[in-house]
1. Can you tell me how much longer the chain between residue 60 and residue 95 gets when fully stretched, taken as 0.36 nm per residue apart minus their C-alpha distance, in nm with one decimal?
2. Need the full-extension length gain, residue 110 to residue 74, defined as separation in residues times 0.36 nm minus the C-alpha distance. One decimal, nm.
3. Under a point spin-label approximation (7 Å from Cα along Cα-to-Cβ), what is the residue 52-residue 40 distance to one decimal in nm?
4. Take the Cα radius of gyration of region 23-163 and divide it by 2.2 N^0.38 Å, with N its residue count; two decimals is plenty.
5. GluC sites (Glu not before Pro), restricted to region 68-126: which are DSSP loop and have at most 16 other Cβ atoms within 10 Å?
6. Spin-label point model (7 Å from Cα, Cβ direction): what's the residue 157 to residue 136 distance in nm?
7. For a footprinting-style exposure proxy, rank 125, 136 by other Cβ within 10 Å, fewest first.
8. Using θ = phi - 60° and the Karplus form 6.51 cos²θ - 1.76 cosθ + 1.60, what ³J(HN,Hα) does each residue of region 144-154 get, whole Hz, x for Gly and Pro?
Amino acid sequence: MSTLHLVLFEPRIPQNTGSIARTCAVTGAKLHLIHPLGFRIDDAKLKRAGLDYWDKLEIFHHENLAAFFAAYPQAEGAANPFFYFTAKTGTLYTDVTYPEETFLIFGREDLGLPDDVLKENPGRCVRIPMRETLRCLNLSNSVAVATYEVLRQHDFAGLTKDGRWAKSEWEPETPRTYDISQI
């Protein structure tokens, strides 16, 4: 995968943003924060949620949504790499084929993305299915679900798949098979 961008529109909860930063660090995705934020960037909760991964990711700050779009004019045309996550559409995030450069855009925890943005981009809006009686998944969980779908479609390019532990010489035993009737 050439570039995956995770875009947070005015995030309010520092722990969510910290967890998303950690997702960016382990996947190589770039993090975009669209201001105003609901916390200070030096918030201890933000740093704790991201653990010691802050120096392992690229973070871009945008003054507002207009400044973000001005920085990435490729949103126009058929090759538009922007995907807007919302509960206000019937298109599932798994129904989309994500391009080499993809921007996944998520709204505020309390309000989501602005309706005018969604109305201007109906063919780029996607949703994660959930029970009708509940509002939505936690933002950091939604970002992780969507991120790994994009990575899966690109065969997890650039990520290790060999199952070895980073700081261990431990080797797993030969897989065992079990006779369920004996348990």
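Nothing in this text is a laboratory measurement; each read-out follows from the coordinates by a stated rule. Please read all numbers here as calculations on a predicted model, not as lab measurements. In this analysis, Cβ positions are derived from the backbone assuming ideal geometry, glycine residues included, and neighbour counts consider all displayed protein chains.
1. Working: separation 35, 0.36 × 35 = 12.60 nm, distance 2.84 nm.
Gain on stretching residue 60 to residue 95: 9.8 nm.
2. On the way: separation 36, 0.36 × 36 = 12.96 nm, distance 2.83 nm.
Net length gain for the segment: 10.1 nm.
3. My value for the distance between the label points is 2.5 nm.
4. Working: Rg = 15.5 Å, N = 141, 2.2 N^0.38 = 14.4 Å.
That ratio works out to 1.07.
5. 76, 100
6. 2.9
7. Values: 125 21, 136 16.
Ordered from fewest to most neighbouring Cβ atoms within 10 Å, 125, 136 come out as 136, 125.
8. Ordered by residue, 3J(HN,Hα) equals 5, 4, 5, 4, 6, 5, 4, 5, 4, 4, 10 Hz.
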